[in-house]
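The values are calculated or read from the model by the stated rules, or taken from the named source; none is laboratory data. In this text the structure is predicted, and so the values were computed from the model without any measurement. Don't worry about glycine lacking a Cβ; one is built from the backbone with ideal geometry, like all the others, and counts go over all protein chains shown. With ligands, DNA and RNA removed, areas are computed over all heavy atoms of the protein, side chains included. Shrake-Rupley method; radii C 1.70, N 1.55, O 1.52, S 1.80 Å.
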Amino acid sequence: MAEAYIIDALRTPVGRRGGGLAAAHPADLGAHVLKALMARTGVDPAAVDDVVFGCLDAVGPQAGDIARTSWLAAGLPEEVPGVTVDRQCGSSQQAVHFAAQAVLSGTQDLVVAGGTQNMSMIPIAFASRRAAEPLGLTEGPFAGSTGWRARYGDQPVDQFHGAELIADRWNISRTDMEEYALRSHRRAVHAADTGRFARELVPYGDVTADEGPRRDTSAAKMAALAPVVPGGRLTAAVSSQVSDGAAALLLASEQAVRDHGLTPRARVHHLSVRGEDPVRMLSAPIPATAHALKKTGLTIDAIDLVEINEAFAPVVLAWLEETGADPARVNVNGGAIALGHPLGATGCKLMSTLLHELERTGGRYGLQTMCEGGGQANVTVIERL
């Protein structure tokens, strides 16, 4: 049976909004991790079959197929192509899936998966709203679709609305969310202080560490914040941070491992993606995880480590309740509430952390999932070698 091996995985530090990466061209962020990936693995860049990158809001410096632009900006061979993927927040996790599927199919042997995003430069949802304003299109991607309205009416399709719906459905209190968010910051600070991110990080200029974790945050500070929506439960403290960054992985076939003298660090054990209610939007990791476990025959207790993107605290808390996963194995080094969520790069960022933490702890299986626009969720299970 064909295998898809992960050879290496790395990322930039994640910059906070307006922070140390805010002025970096997103293609240069992508180029930075690509150059580092080629240098660390020692492969001939000309042997790479394709470069698959995630990126959202593909306007301005993020337009024009940024996978290709990043590769060329890195000074790497012109004959290697690139393609950019948009599965919303799961874009670079989907890039890993496409790369692995190409290897598993036997059509390609060496594929780079990655992602890049500068949210300081191009705000979230810019492409779906503000970029279309000069054309007189101001109401987003769903307005005007008779088919959408016939099926879903005029319900708001908004991540904050979806997170509030999850909090209501699973009866998650503001206190529950803030306790979880505080734990995320504390875990991230501990991970940084003990060097857990050292092997996966590639400093960018003067930015040598993640800028998001707040050492001085507290339950009292979180409790003092106003809700995002009047009368709601969500605040900025329990939401993922606006961020900038890039990440990349190299996936290889058995033939490529032999040809290039590579040492695999993990194998891709399972890939899947599922969808559910696009209005609630953010709860798809629950059925997607159930589907993945059924397909693999694994139980949640067999999973040593989980990375589930902390888009909002209720996303993770509802998933924990439904799956019965041990919280001590989930986001052990903090998550996007503390470390940030550079949209198109987050999937590969999480995969880098998952791989390195499996190696540090000696775990066998790691599962990654994340909520995505449209009510979707990717699930990847990797096995450490």
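Open to solvent by 10 Å² or more (accessible area, probe 1.4 Å) and either over 21 Å from residue 59 (Cβ atoms) or more than 24 Å from the chain's Cα centre (by Cα) (or both): is that true of residue 145 in this structure?
yes
Residue-by-condition table, conditions (1) within 21 Å of residue 281 (Cβ to Cβ); (2) basic (Lys, Arg); (3) not in a helix (DSSP H, G or I):
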{"position": "322", "(1), (2), (3)": "yes, no, no"}
{"position": "332", "(1), (2), (3)": "no, no, yes"}
{"position": "341", "(1), (2), (3)": "yes, no, yes"}
{"position": "347", "(1), (2), (3)": "yes, no, no"}
{"position": "357", "(1), (2), (3)": "no, no, no"}
{"position": "366", "(1), (2), (3)": "no, no, yes"}
{"position": "369", "(1), (2), (3)": "yes, no, yes"}
{"position": "377", "(1), (2), (3)": "yes, no, yes"}
{"position": "382", "(1), (2), (3)": "no, no, yes"}
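Which ones in the range 364-385 are open to solvent by 10 Å² or more (accessible area, probe 1.4 Å) and of a type in the set (Gly, Ala, Ser)?
373, 374
Restricting the search to the range 45-66, which residues are over 10 Å from residue 344 (Cβ atoms) and in contact (Cβ under 8 Å) with a residue 12 or more places away in the chain?
45, 46, 47, 48, 49, 50, 51, 52, 59, 60, 61, 65
Taking the residues in the range 213-237 that are within 26 Å of residue 192 (Cα to Cα) and free of Cβ contacts under 8 Å to residues at least 12 places away in the same chain as candidates, determine which candidate is nearest to the chain's Cα centre (by Cα).
236
One line per residue, one yes/no per condition, for (1) among the charged types (D, E, K, R); (2) closer than 22 Å to residue 6 by Cβ:
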site: 179; (1), (2): yes, no
site: 189; (1), (2): no, no
site: 195; (1), (2): no, yes
site: 215; (1), (2): yes, no
site: 232; (1), (2): no, no
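Using the structure shown, decide if residue 206 is of a type in the set (D, E, K, R) and within 23 Å of the chain's Cα centre (by Cα).
So residue 206 fails the test.
Which of the residues that make up the range 134-182 are farther than 14 Å from residue 313 by Cα, among the hydrophobic types (A, V, I, L, M, F, W, C) and modelled with pLDDT of 90 or more?
Once the filter is applied, which keeps residues that are farther than 14 Å from residue 313 by Cα, among the hydrophobic types (A, V, I, L, M, F, W, C) and modelled with pLDDT of 90 or more, the range 134-182 yields 148, 150, 157.
Out of everything in the range 1-33 that is among the charged types (D, E, K, R) and within 16 Å of the chain's Cα centre (by Cα), what residue ends up being surrounded by the most Cβ atoms within 10 Å (Cβ to Cβ)? Can you show your working first?
From the range 1-33, those among the charged types (D, E, K, R) are 3, 8, 11, 16-17, 28; that's our starting set.
Still in the running and within 16 Å of the chain's Cα centre (by Cα): 11, 16.
Details: 11: 32, 16: 21.
Across the range 1-33, the extreme among qualifying residues is 11.
Kindly list, by first and then second residue, each pair from a residue in the range 166-183 that is among the charged types (D, E, K, R) to a residue that is open to solvent by 20 Å² or more (accessible area, probe 1.4 Å) and not in a helix (DSSP H, G or I), limited to pairs with Cβ atoms under 6 Å and residues at least 6 apart or on different chains.
174/233
Based on this model, can you work out whether residue 330 counts as crowded, with 24+ Cβ neighbours inside 10 Å, modelled with pLDDT of 95 or more and more than 20 Å from residue 125 (Cβ to Cβ)?
No: the conditions fail for residue 330.
The conditions are (1) open to solvent by 40 Å² or more (accessible area, probe 1.4 Å); (2) of a type outside the set (S, T, N, Q); (3) not in a helix (DSSP H, G or I), and residue 161 fails exactly one of them. Which is it?
All conditions pass for residue 161, except number (3).
Can you tell me which residue is nearest to the chain's Cα centre (by Cα) among those in the range 34-48 that are of a type in the set (D, E, K, R) and within 16 Å of residue 257 (Cβ to Cβ)?
Going residue by residue through the range 34-48, those that are of a type in the set (D, E, K, R) are 35, 40, 44.
Still in the list and also within 16 Å of residue 257 (Cβ to Cβ): 40, 44.
Numbers: 40: 22, 44: 27 Å.
Of everything passing the filter in the range 34-48, 40 is nearest to the chain's Cα centre (by Cα).
Of everything in the range 190-217, what is over 19 Å from residue 348 (Cα atoms) and either open to solvent by 50 Å² or more (accessible area, probe 1.4 Å) or touching a His at 6+ places or on another chain (Cβ under 8 Å) (or both)? Give them in sequence order.
190, 193, 194, 205, 206, 213, 214, 215, 216, 217
Out of the residues in the range 187-213 that are of a type outside the set (Val, Ile, Thr) and in a helix (DSSP H, G or I), state the one that is farthest from residue 335 (Cα to Cα).
193
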